Amino acid sequence: MLANVVAPRQAIPTVQASLLLLVAIGAAGLGVYAYYLLPAVPPKARLIVSTTTSLYETGLLDELKSKFELRYSNLNVSFISQGTGLAMQTAMRGDADMILVHDPAREHAFLNGGYGVNRKIVAYNFFAIVGPSEDPAGVSGESPSDALKQIRSAGLEGRAVWVSRGDDSGTHAKEKSLWKAAGFDVAQLRTEAWYLEAGSGMTATLKMADQKRGYTLTDIGTYLLNLENHNIDLVKLVESGKSMLNVYSVIACNPKNQNMTKTNFEGSMQLIRYLVSSEGQHLFATFGVSKYDQPLFKPYIELIESRIDPELIGWIRDLAFIEGSECPEQFRYQAEGLYLAQGSVGVSLASRPACFEEKTCSWTQ
Amino acid sequence: MIRAINLILTRNPEVFGITALSLSVSGSATLLSCVWSIPFSLGLALRNFRGKRIAKGLFNALIGIPTVALGLFLYLVLSRTGPLGYFQLLYTPWGIMIGQSMLVTPIVVSFSTSALESVDPELRSLARTLGASDFQTYLIVVEEAFWGVVLAIIAAFNRAFAELGIAMMLGGNIRNMTRVLTTAIALETSRGDIALSIALTLILLGITMSLSIGINLARKSVP
C-alpha cells in the first residue's frame with residue numbers, strides 16, 4: 001500500500017504488459033488447439049493402436065500412419081508405444097482399439113480371455129543376441145542355448161554381463177523362454193549379480209548393454225537402427241534358428257466384450273485389412289532398405305504366397321499359430337474374406353488397388 | 001550439438017509443432033487452474049473459518065505431489081472403463097490439460113494465498129470506509145498483491161510445462177497430437193536421436209528460464 005502512495009500508478013505499464021503476456025499465452029494456447037484439433041472437420045474417427053516399442057522406435061509406424069490415412073481419410077490413427085504386456089493391459093481396459101504385438105503365447109491368452117478377435121500375422125524378423133566385439137564369453141556362432149549357458153558361466157566368473165529388458169515386453173518374454181529352453185530358471189538368474197534388468201525399452205536396453213559391455217537379446221530392427229545412429233558398439237553374435245524367430249501379429253479388440261463396446265472395431269478391421277494388403281505388406285518389405293541395406297521387417301503374407309521357404313513357414317506355424325491356425329474359428333468376428341484359403345492369399349490379391357496392375361502405385365516406384 | 005542448434009534455427013516443423021503444443025497445453029492448463037485457484041486463495045487468505053490452517057497446510061503439502069501418482073489416479077478415472085470414460089479424454093491433449101491443471105492447483109493456491117495475506121489488512125478497511133463493495137475490495141487486494149499472484153501463476157506454468165508423468169500417462173506421447181516437449185525428449189533419447197533431444201531440451205530450458213528471469217526483472221522495475 002505504501003508503495004502505491006509513494007509512486008502512484010508507475011507500476012501500471014508493467015502490470016498491463018504482464019497481463020498481456022498471460023493473455024497472449026492463453027490465446028496462443030487456444031490458437032494452437034484450434035490449429036491442431038479443428039482441421040479434423042468432418043471429425044475423423046480415432047483409431048488407437050497400442051503397440052510395442054520395437055515397432056515404434058524404428059519409425060515404421062509413422063510411415064504406416066501417413067500411408068494408411070491417405071487411403072482412409074476418415075480415420076486418425078494414434079500409436080501408443082508400450083511393451084507388449086502393457087499394450088495388452090491398455091487394450092483390456094478398453095483404452096485402445098487394437099493391438100500390434102509380438103508374443104504368441106500371450107496373444108493366445110488375450111484371445112481366450114475374450115478380449116480380442118481376428119488375429120492376423122503380419123510380419124516377422126529375427127531376434128539376435130548381441131554383445132561386445134571382444135565377446136568375453138565366446139558365444140559367436142553358437143546355438144542360442146549354448147550361447148546363454150556360456151554367458152552365464154562367464155557371468156558367474158565375473159567376465160560377462162547380461163542385460164535383460166525386464167519390462168514384460170514381447171522381447172522380454174522371448175528372452176525368458178530362451179533362458180528356460182537353455183535349462184535355467186529366470187527367477188534364480190535375477191538374483192545373480194551378472195544379470196541386470198533395465199526395465200525399459202529396446203534402445204535403452206541396448207545402450208545399457210553397450211555401456212556395461214554386456215550381452216542382450218534384441219530384435220534386429222531396433223539393433224540396426226541404433227547401429228546406424230552410432231548409438232551402440234555391439235555386434236551380432238547369435239542370430240539364426242527357429243527359436244530366434246520374432247512374429248508380429250495384429251488383433252482387433254472384441255466389440256462384444258463389455259469393456260470394449262466403445263472401441264472402434266470398424267476402423268481396426270480397416271487397418272488389419274490394410275496391413276495384409278499388398279500395399280501394407282510392401283511397406284514392411286521396403287521400410288528401412290535405403291538406410292540399412294536390408295528390410296527391418298519381413299512381410300508374412302508375401303512369404304506365404306511365394307512358398308519359396310517352406311522351412312521358415314513351418315517355423316512360423318510351430319511358433320506363432322494357435323491351435324493350428326493364425327486365428328481359430330471361434331475367435332473370428334465379422335471377418336469376411338480375411339481368412340480365405342490357407343495363407344490369406346486371396347485377401348491380399350483381392351485387396352490390391354487398381355494401380356497395382358497398372359504399375360502406377362506410388363509405392364511400387 | 002551443432003545439429004541441435006540447427007534444428008532450432010531452421011525452425012524445424014517437428015520441433016516447432018511440439019513446442020507450440022507444449023506451450024498451449026500447459027498454458028491453458030495453468031489458466032484453467034486459475035479459474036478456481038485464485039478465488040479459492042482469496043477465500044483462504046481473506047476469510048476466517050475453522051480448519052483454515054489445515055486447509056493451507058494441505059495445499060502446501062500437495063505442492064510436491066509426484067506427477068506419476070496424479071497421472072495414475074487420473075488414468076484410471078479417464079479410462080474408457082473409468083468413471084469419466086464416457087468423455088473419452090484419455091490420450092487426448094484435453095486429458096493432459098486437465099491433469100496439469102489439477103497438478104498446479106496447489107502451487108497457485110499456496111503461493112497466491114501467501115501473497116494475498118501479505119497485503120496490509122488496513123487496506124481492506126480503508127477500501128470499505130471509502131464505500132467499496134466486497135468484489136471491489138477483492139480487486140484492490142489482488143492488485144496490491146499482483147506480482148505475488150503472477151509469480152504463483154508463472155511457477156505453476158513452469159511446473160506444468162516441465163512435468164513428464166502426466167503428459168506421458170494421460171497423453172500417450174502420440175505424434176502430432178499429445179507429444180509435448182518432455183515426452184518427446186524422453187522418446188528421442190530412448191530411440192537415440194540425441195540431437196533432437198538436445199534441441200527440445202534447449203527450448204524447454206530456454207522458455208522456463210526466461211519466464212523466471214523475466215518475471216524477476218519485471219518485479220524489480222516496480223518500485
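Read-outs throughout are calculated quantities, based only on the coordinates presented, and are distinct from any laboratory measurement. Because the structure is predicted, anything quoted here is derived from the model rather than measured. In this analysis, Cβ positions are derived from the backbone assuming ideal geometry, glycine residues included, and neighbour counts consider all displayed protein chains.
Along the charge dipole of region B:2-221, which of B:LEU58, B:ILE8, B:LEU32 sits closest to the positive end, that is, farthest toward it, with unit charges on the beta carbon of Lys, Arg, Asp and Glu (+1, +1, -1, -1)?
B:LEU58
If region A:126-244 were replaced by its equivalent ellipsoid, with semi-axes equal to the square roots of 5 times the Cα gyration tensor eigenvalues, what would those be, largest first, whole Å?
On the way: eigenvalues 68, 45, 43 Å².
That gives 18, 15, 15 Å for the three semi-axes.
When Lys and Arg each count +1 and Asp and Glu each count -1, what net charge do the other residues less than 11 Å away from B:ALA184, Cβ to Cβ, add up to?
Details: positive: B:ARG175, B:ARG179, B:ARG191; negative: B:GLU14, B:GLU188, B:ASP193.
Net of charged neighbours comes to 0.
Order these peptides, B:90-96, A:139-145, B:36-42, B:49-55, by their mean beta-carbon neighbour count within 10 angstrom, highest first. Mind showing how you got there, number by number?
On the way: B:90-96: 25.4, A:139-145: 17.1, B:36-42: 19.4, B:49-55: 10.1.
Highest-to-lowest ranking by the protection proxy: B:90-96, B:36-42, A:139-145, B:49-55.
Please report, in Å, the Rg and the Dmax of region B:2-221, where both are computed over Cα atoms only.
According to the Cα coordinates of region B:2-221, Rg and Dmax are 19.9, 66 Å.
Less than 12 Å Cβ to Cβ from B:TYR86, Lys/Arg counted +1 and Asp/Glu -1: what total charge do the surrounding residues give? Each step should come with its number before you reach the end.
Values: positive: A:LYS262, B:ARG80; negative: none.
So the surrounding residues net to +2.
From Cα coordinates alone, what are the radius of gyration and Dmax values for the protein assembly as shown in angstrom?
Looking at the protein assembly as shown, its Cα Rg and Dmax stand at 28.2, 96 Å.
What residues have an amide H closer than 5 Å to that of A:VAL77, excluding those fewer than 5 places away on the same chain, when H is modeled at 1.01 Å from N in the peptide plane?
Under 5 Å from the amide H of A:VAL77 lie the amide H atoms of A:LEU47, each far enough along the sequence or on another chain.
Quick one: if you stick a label point 7 Å off each Cα along the C-beta vector at A:LYS44 and B:LEU126, how many nm between them?
For A:LYS44 paired with B:LEU126, the spin-label model returns 5.9 nm.
Grab the eigenvalues of the alpha-carbon gyration tensor for region B:1-108, scale each by 5, take roots, and send me the semi-axes largest first in whole angstrom. Walk me through the numbers before you get to the answer.
Details: eigenvalues 216, 81, 32 Å².
Each semi-axis is the square root of five times an eigenvalue, giving 33, 20, 13 Å.
Peptide B:76-84: average number of partner chain Cβ atoms within 10 Å per residue?
Working: counts 1, 0, 1, 5, 10, 9, 3, 0, 0.
Whole-number average of other-chain Cβ neighbours for B:76-84 is 3.
From the backbone phi of region B:82-97, what are the Karplus-calculated ³J(HN,Hα) couplings (6.51 cos²θ - 1.76 cosθ + 1.60, θ = phi - 60°) in whole Hz, Gly and Pro given as x?
Once rounded to whole Hz, the list reads x, x, 9, x, 4, 7, 6, 8, 5, 6, 10, x, 4, x, 4, 4.
Quick check on packing: order A:228-240, A:70-82, B:103-115, A:300-312 by the mean number of other C-beta atoms within 10 Å, highest mean leading.
Working: A:228-240: 16.7, A:70-82: 18.7, B:103-115: 24.8, A:300-312: 14.6.
Packing proxy ranking, top to bottom: B:103-115, A:70-82, A:228-240, A:300-312.
In a shell of Cβ-Cβ distance under 15 Å around B:GLU14, excluding B:GLU14 itself, what net charge do Lys and Arg (+1) and Asp and Glu (-1) give? Write down the numbers at each step before the final one.
Details: positive: A:LYS65, B:ARG3, B:ARG11, B:ARG175, B:ARG179, B:ARG191; negative: A:ASP62, A:GLU63, B:GLU188, B:ASP193.
Around B:GLU14, the surrounding residues sum to +2.
Per-residue HN-Hα couplings for region A:50-65, Karplus 6.51 cos²θ - 1.76 cosθ + 1.60 at θ = phi - 60°, whole Hz, x for Gly and Pro?
Computed from phi, the couplings for region A:50-65 are 8, 9, 8, 5, 5, 6, 6, 4, 6, x, 4, 6, 5, 5, 4, 4 Hz.
Sequence-distant or interchain residues sharing an amide H contact under 5 Å with A:PHE127, placed H: which?
A:LEU245, A:ASN246
For labels at A:SER153 and A:ASP233 in the simple 7 Å Cα→Cβ model, what's the distance in nm?
2.9
For region B:48-88, I need the span (max minus min coordinate) of the C-alpha atoms along each principal axis, in Å, sorted largest to smallest.
Per principal axis, max minus min of the Cα coordinates gives 41, 22, 10 Å.
Could you run the Debye sum over the Cα atoms of region A:204-301, one equal point scatterer each and no solvent, and tell me log10 of I(q)/I(0) at q = 0.20 Å⁻¹, two decimals?
Treating every Cα as an identical point scatterer, log10 I(q)/I(0) equals -1.02.
What is the mean number of Cβ atoms from other protein chains located within 10 Å of the Cβ atom of each residue in peptide B:183-190, rounded to a whole number? Can you show the working numbers first?
Values: counts 0, 0, 0, 2, 6, 0, 3, 10.
Counting other chains' Cβ atoms within 10 Å and averaging over B:183-190 gives 3.
Just to check I understand the Karplus step: with θ = phi - 60° and J = 6.51 cos²θ - 1.76 cosθ + 1.60, what whole-Hz values come out for region B:40-48, glycine and proline as x?
The phi angles translate into 5, 6, 4, x, 5, 7, 9, 10, 10 Hz.
With each label point set 7 Å from Cα along the Cα-Cβ vector, what nm distance links B:ILE65 and A:GLU305?
5.4
Over region B:2-221, what is the relative contact order in percent, taking alpha-carbon pairs closer than 8 angstrom and at least six residues apart?
Details: 253 pairs, mean separation 66.3, N = 220.
About 30 percent, as a whole number.
Over the whole of A:90-97, what's the average partner chain Cβ count within 10 Å per residue? Rounded to a whole number, please.
Working: counts 5, 0, 1, 8, 6, 11, 4, 0.
Per residue, the number of nearby Cβ atoms from other chains is 4 on average.
Which residues' amide hydrogens lie under 5 Å from the amide hydrogen of A:GLU197, considering only partners 5 or more residues apart or on another chain, with H built in the peptide plane?
Counting only residues 5 or more places away or on other chains, the set is A:SER164.
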